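**Student:** Okay, handing you the structure first.
The values are calculated or read from the model by the stated rules, or taken from the named source; none is laboratory data. These numbers were taken from a predicted model, which means no experiment stands behind them. Positions of Cβ are generated from backbone atoms using ideal geometry, with glycine treated the same way; all protein chains shown enter the neighbour counts. For the accessible areas, the whole protein counts, side chains as well, though only heavy atoms, and no ligand, DNA or RNA atoms are used. Shrake-Rupley method; radii C 1.70, N 1.55, O 1.52, S 1.80 Å.
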Amino acid sequence: MAVISYREALRAAMRDELNRDENVVIMGEEVAQFNGAYKVTEGLLKEFGPKRIVDTPISEAGFIGLGIGASMLGIRPVMELMFWSFSYVAFDQIVNNAGNIRYMSGGLINCPIVIRGPANGGTNVGATHSHTPEAILASHPGIKVVCPATPYDAKGLLKAAIRDNDPVYVMENTILYNDKGEVPDEDYIVPIGVADVKRIGTDLTIVAHGRAVITSLKAAEILEKDHGVSVEVVDLRSIRPLDEETILKSVRKTHRALLVEENKPFCGVDAQVAYLIQSKAFDELDAPVHRVSSIDAPQIYCKRMEDLQMPSVERVVAEALKVLA
Amino acid sequence: MAKPAVLTHPESLKHPAGPSAYAKDPVNASMTKEAKIALYTKMARIRHFEQRCIRIYQQGKIGGFLHLYVGQEAVAAGTISLLGKNDHIITGYRDHGHGLMVGMGMNECMAELTGKVTGCSQGKGGSMHYFAPDKNYWGGHGIVGGQAPLGTGLAYAVKYQGLKGSCLTYMGDGAVNQGAVHEAYNLASLWDLPVIFVVENNGYSMGTSQERSTAHPGCLAKRAEGYNMAWDVINGHDVYEVRAKTALALKRAHEESKPTVLEIFTYRYFGHSMADPDKTYREKEEIKTYRDKKDPVLLFEQELLREKVLTPELSQTINEAAMAEADKAAIFADESPDPTLADITKHIYWEEDNRGPKTTSRGTIIFE
Ligand SMILES: Cc1ncc(C[n+]2csc(CCOP(=O)(O)OP(=O)(O)O)c2C)c(N)n1
Ligand SMILES: [Mg+2]
């Protein structure tokens, strides 16, 4: 088992799948010659050549739509979005075309496309570049959305996504790209739709996804050390499908739940998770479910304020104590 | 590259009807008598199918939108009659003619309109969303211009797989102002993709005439020059001309893997959809002139009568058979069952529809 970065893990997943299936193509802005805007695809052009690793013009609706069309004929495009924020100019392709064609054709067609790239705030780049569209996209039946938080999950989920026969949207995080972790060299996947208990505990369940998992794990350490509270952290990993059982199992054990996400609160992923808990584990709860999410405003540019806008370790600890009170 | 023979719609009326100047073009001259009769039969079938649809719509059995192709038949008929095994097609919501041309049955087409489970999309697509991927027909798309990148992607896939093929990507004259279309044009030319963009210029996008919607240098196809693409304009009332000029674009796609924009002048007789009372944006007289002088089905019939390929009796037989087929399809649609409540949540995900030992994904994917 090697210790590699989240970025390297994503690259390793693509390399494996490029080798495994000749129909896999990597496409996106600056993915080939420039080696990737975030260097995720570094070296792939050299290794696989220009037929497999394709630079596109700045034309998200065009090239993503092209990828969807190609996927209908059996190509398996892995499209990089420089930021998921830019998916908004291709929304019709991503939602109407990739998400609906199977349904509207009565099951005659499927779109095995992967769209991946960073979807996060916290990088001091202002509102247009800080969107986290996992809840928006996951609200469309026909679409799958995953949000890996660790190098192990990044590799395993991306490989599963590339092998999946439906559109899978992989939302990464630029702040995690340098995070390191143990990742097997041998072939493995992380099944889509399976949450992971990243920390075992007995007093409180924190449900999180993406970087909020890392924040929550840090908060859990403090809660243990300074407050003597045993916290369980459930990493959703996949937003749709959603591993409802793992969430419920944990809540039935701890009887308290705090939901943490970097989205804005209104109609966030955790609005759905909160509904799930109250509808399926209401009698198990010893306290109301609480949430920590980003402050409800377009992403602020000022770095000091942006750090406050997003869920921090301090805010998670403070909110956890309220649930436990 | 052709100069625009026709400047603005509806000036295509100035084209004299009569014997087609393209009858002797090799793609037409080489057609057997049977092939010509078959082509005429297909055009007649599209015409009668749609005219039957009007009645069913008026009976309240067809919901949503119903966009008729009546008047435009030569476009789908001419272009699709040339296609081979690796040629694909994709279009917008005015998609019945293309469906019948690729070989879809009237039954499945009619049943889709009335939302029956026997429809081509099992009642999940409706009029605007016909699909027959087994016949290289990739829809049937409801968002104006949204299919242009998909068609470009189908052509990309054909090329990636090393096949000599193409994708005919149809759109209306209103669609050419959509950003997605321009993005597709750029990619098609930049990457030398074997895609043929077919602009079916019927003069109007809903109630907006081309003059009121589009800034253009004489014709819409010429915008191709901005993307370094070949283009041509075609009189879409003459199926022989459609075939002759489309054949050149297909050759370019097959042999050079290069895209083309074809603008085909045509005309729709009915409102934009059945919901359009058709009272505000054109004169009844204009419609009548097209019907009387430019009708593509009639013109081809006359052509074939002159060639002595058709006789009046044979033509009558063909038309009666098409009407009877449409009547039968109407009965089939009537008698077919609706999809069930359980069907609503099928065909959303391939992985769910095909669960088996190899399926890895888990979790809740359809929510309460
Ligand atoms: C993005 C989008 N905007 C608007 C519409 C509504 N709409 C449907 S068809 C149409 C007119 C399109 O005209 P044209 O491209 O000329 O095709 P035609 O109907 O003449 O075949 C409009 C405005 C739509 N379906 N999609
Ligand atoms: Mg039009």
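**Student:** Using alpha-carbon positions, what is the distance between the centroids of region B:260-326 and region B:115-163, in Å?
**Tutor:** Each part's Cα centre sits 25 Å from the other's.
**Student:** Then there is this: Can you tell me the order of B:262-268, A:288-294 when each peptide is scored by its average per-residue count of other Cβ atoms within 10 angstrom, highest first?
**Tutor:** Values: B:262-268: 26.7, A:288-294: 20.3.
Packing proxy ranking, top to bottom: B:262-268, A:288-294.
**Student:** Grab the eigenvalues of the alpha-carbon gyration tensor for chain B, scale each by 5, take roots, and send me the semi-axes largest first in whole angstrom. All intermediate terms of the calculation are to be shown ahead of the outcome.
**Tutor:** Numbers: eigenvalues 195, 140, 87 Å².
Over the Cα atoms of chain B, the semi-axes work out to 31, 26, 21 Å.
**Student:** Within chain A, which whole H helices from DSSP have a Cα span along their axis of at least 20 Å and a mean Kyte-Doolittle hydropathy of -1.0 or more, if any? Can you show the working numbers first?
**Tutor:** On the way: long enough: A:6-20 (21 Å, -1.23); A:211-227 (23 Å, -0.08).
Within chain A the helices that satisfy the rule are A:211-227.
**Student:** Please state, rounded to one decimal and in Å, the Kirkwood hydrodynamic radius that region B:14-62 gives when every pair of distinct Cα atoms enters the mean of 1/r. Intermediate values should be presented prior to the final figure.
**Tutor:** Numbers: mean 1/r = 0.0741 Å⁻¹.
Value: 13.5 Å, from the Cα pair sum.
**Student:** Normalising by the residue count of region A:2-183, find the relative contact order in percent from Cα pairs under 8 Å and 6+ residues apart.
**Tutor:** 28
**Student:** Before anything else, pin down the relative contact order of region A:196-324: Cα pairs under 8 Å, at least 6 apart, normalised by residue count, whole percent.
**Tutor:** Details: 239 pairs, mean separation 36.6, N = 129.
Reported as a whole number, the value is 28 percent.
**Student:** Using a 1.4 Å probe over the heavy atoms of the protein chains, calculate the carbon and sulfur portion of the accessible area of region A:260-299 as a whole percent.
**Tutor:** On the way: 1200 of 2020 Å².
Summing carbon and sulfur atoms, their accessible area is 59 percent of the total for region A:260-299.
**Student:** Another question, if that's okay. Have a look at B:TYR40, B:PHE332, B:ALA275 and report the one farthest towards the positive end of the charge dipole of region B:11-353, computed about the Cα centre with Cβ charges (Lys/Arg +1, Asp/Glu -1).
**Tutor:** The Cα lying farthest towards the positive end belongs to B:TYR40.
**Student:** To continue, here is another question. Which of rounded, prolate or oblate describes region A:2-183 when judged by the alpha-carbon gyration tensor and an a/c cut-off of 1.5?
**Tutor:** Details: a/c = 1.44, a/b = 1.20, b/c = 1.20.
Rounded shape, in that the Cα axes give a/c under 1.5.
**Student:** Still on this structure, I have one more. With the crude spin-label approximation of a point 7 Å out along Cα→Cβ, what separation in nm comes out for B:GLU285 versus B:THR317?
**Tutor:** So the two model labels end up 4.3 nm from each other.
**Student:** Could you pull out every one of the lysines with an alpha carbon less than 17 Å from that of B:LYS279, ignoring same-chain neighbours closer than 8 positions?
**Tutor:** B:LYS279 reaches B:LYS288.
**Student:** Oh, and also: Charges only on Cβ, +1 for Lys and Arg, -1 for Asp and Glu: so what's the dipole of chain A about the Cα centre, in debye to the nearest 20? It would help to have the intermediate numbers written out before the result.
**Tutor:** On the way: 34 positive and 44 negative charges, 35 e Å.
Once rounded to the nearest 20, the dipole reads 160 debye.
**Student:** So what's the gap between the Cα centers of region A:185-261 and region A:56-108, to the nearest angstrom?
**Tutor:** 31
**Student:** Pick out, in residue order, every one of the GluC sites (Glu not before Pro) in region A:225-268 that is DSSP loop and has at most 13 other C-beta atoms within 10 Å; say none if there are none. Provide the component values of the computation, followed by the final result.
**Tutor:** Details: sites: A:GLU232, A:GLU244, A:GLU245, A:GLU261, A:GLU262; in loops: A:GLU261, A:GLU262.
When the GluC sites (Glu not before Pro) of region A:225-268 are filtered for loop state and at most 13 Cβ neighbours within 10 Å, nothing remains.
**Student:** When ranked by the protection proxy of mean other Cβ atoms within 10 Å per residue, highest first, what sequence do the peptides B:240-253, A:297-310, A:57-70 form?
**Tutor:** On the way: B:240-253: 22.5, A:297-310: 15.6, A:57-70: 27.1.
Per-residue mean Cβ counts within 10 Å order the peptides as A:57-70, B:240-253, A:297-310.
**Student:** Can I ask one more? Could you report the buried accessible area between B and A, both sides summed, computed with a 1.4 Å probe and given in Å² to the nearest 100?
**Tutor:** Details: alone 16840 and 13660 Å², together 26100 Å².
In total, this chain pair buries about 4400 Å².
**Student:** Here's a follow-up. If I compute solvent accessible area with a 1.4 Å probe over the protein chains, what percent of it on region B:11-353 is carbon and sulfur?
**Tutor:** On the way: 6960 of 12850 Å².
Carbon-and-sulfur percentage of accessible area, whole number: 54.
**Student:** Still on this structure: Express in whole angstrom the spacing between the alpha-carbon centres of region A:10-35 and region A:120-184.
**Tutor:** 16
**Student:** Then there is this: Can you find, among B:VAL27, B:ASN354, B:ALA188, the residue farthest towards the positive end of the dipole of chain B? Put +1 on the C-beta of Lys and Arg, -1 on that of Asp and Glu.
**Tutor:** B:VAL27
**Student:** From Cα coordinates alone, what are the radius of gyration and Dmax values for chain A in angstrom?
**Tutor:** 19.4, 59
**Student:** Taking a probe of 1.4 Å, how large is the accessible area per residue of region B:158-253, in Å²? Intermediate values should be presented prior to the final figure.
**Tutor:** Details: 2930 Å² over 96 residues.
Each residue of region B:158-253 exposes 30 Å² on average to a 1.4 Å probe.
**Student:** Determine the dipole magnitude for region A:196-324: charges of +1 sit on the beta-carbon of Lys and Arg, -1 on that of Asp and Glu, nothing else is charged, the reference point is the Cα centre, and the result goes in debye to the nearest 20.
**Tutor:** Numbers: 18 positive and 21 negative charges, 35 e Å.
Dipole size: approximately 180 debye.
**Student:** Once you sort the root eigenvalues of the Cα gyration tensor of region A:196-324 as a ≥ b ≥ c, which label holds: rounded (a/c under 1.5), prolate (a/b larger than b/c) or oblate (the other case)? Don't skip to the end; give the middle numbers.
**Tutor:** Values: a/c = 1.76, a/b = 1.27, b/c = 1.38.
Judged from the Cα gyration tensor, region A:196-324 comes out oblate (a/c at least 1.5, b/c at or above a/b).
**Student:** Using a basic spin-label model with each label point 7 Å from the Cα along Cα→Cβ, how many nm lie between B:MET206 and A:GLU182?
**Tutor:** Modelled inter-label distance: 6.1 nm.
**Student:** Oh, and also: If you plug each phi of region B:166-180 into the Karplus form 6.51 cos²θ - 1.76 cosθ + 1.60 with θ = phi - 60°, what whole-Hz ³J(HN,Hα) values come out, in order, with x for Gly and Pro?
**Tutor:** Per residue, the Karplus-derived 3J(HN,Hα) values read 6, 9, 7, 10, 8, 7, x, 5, x, 5, 5, 9, 7, x, 4 Hz.
**Student:** Another question about this same structure. Count, for each residue of B:132-140, the Cβ atoms from other chains sitting within 10 Å of its Cβ, then give me the mean as a whole number.
**Tutor:** Numbers: counts 2, 7, 1, 0, 1, 2, 7, 7, 3.
Per residue, the average neighbour count from other chains is 3.
**Student:** Continuing with this model, one more query. Evaluate peptide A:72-84: per residue, the Cβ atoms of other protein chains within 10 Å of its Cβ; return the mean as an integer.
**Tutor:** Details: counts 10, 15, 3, 7, 0, 4, 0, 0, 0, 0, 0, 0, 0.
Taking the mean over all residues of the peptide, I get 3.
**Student:** Continuing with the same structure: Give me the base-10 log of I(q)/I(0) for the protein assembly as shown at each q in 0.11 Å⁻¹, Debye formula, one uniform scatterer per Cα, rounded to two decimals.
**Tutor:** Taking Cα atoms of the protein assembly as shown as identical point scatterers yields -1.08.
**Student:** For region B:78-226, rounded, prolate or oblate, judged on the Cα gyration tensor with a ≥ b ≥ c (square roots of eigenvalues), a/c < 1.5 rounded, else prolate if a/b > b/c?
**Tutor:** On the way: a/c = 2.14, a/b = 1.24, b/c = 1.73.
Verdict is oblate for region B:78-226.
**Student:** Is there a quick way to get the dipole size of chain B? I mean about its Cα centre, with the Cβ of Lys and Arg at +1 and of Asp and Glu at -1; what is the value in debye to the nearest 20?
**Tutor:** On the way: 41 positive and 44 negative charges, 99 e Å.
Here chain B has a charge dipole of around 480 debye.
**Student:** How large is the accessible surface per residue of chain A, computed with a 1.4 Å probe and reported in Å² as a whole number? Can you show the working numbers first?
**Tutor:** Working: 11460 Å² over 325 residues.
I get 35 Å² per residue for this part.
**Student:** Follow-up. Once you average over the residues of B:349-360, how many Cβ atoms of partner chains fall within 10 Å of each Cβ?
**Tutor:** Values: counts 14, 10, 10, 2, 5, 3, 0, 0, 0, 1, 3, 9.
Averaged over the peptide's residues, the number is 5.
**Student:** Then there's this: Which residue, A:ALA318, A:SER87, A:GLY122, has the largest displacement toward the positive end of the dipole of the protein assembly as shown when charges sit on each Cβ (Lys, Arg +1; Asp, Glu -1)?
**Tutor:** A:SER87
**Student:** Relative to the present Cα-Cα distance, how much length would full extension add between A:CYS302 and A:VAL3 at 0.36 nm per residue of separation?
**Tutor:** Details: separation 299, 0.36 × 299 = 107.64 nm, distance 3.41 nm.
Residue separation times 0.36 nm, minus the Cα-Cα distance, leaves 104.2 nm.
**Student:** Then there's this: Taking the simple approach of a point 7 Å from Cα along Cα-to-Cβ for both B:GLU255 and A:ASP21, what is their distance in nm?
**Tutor:** 3.7
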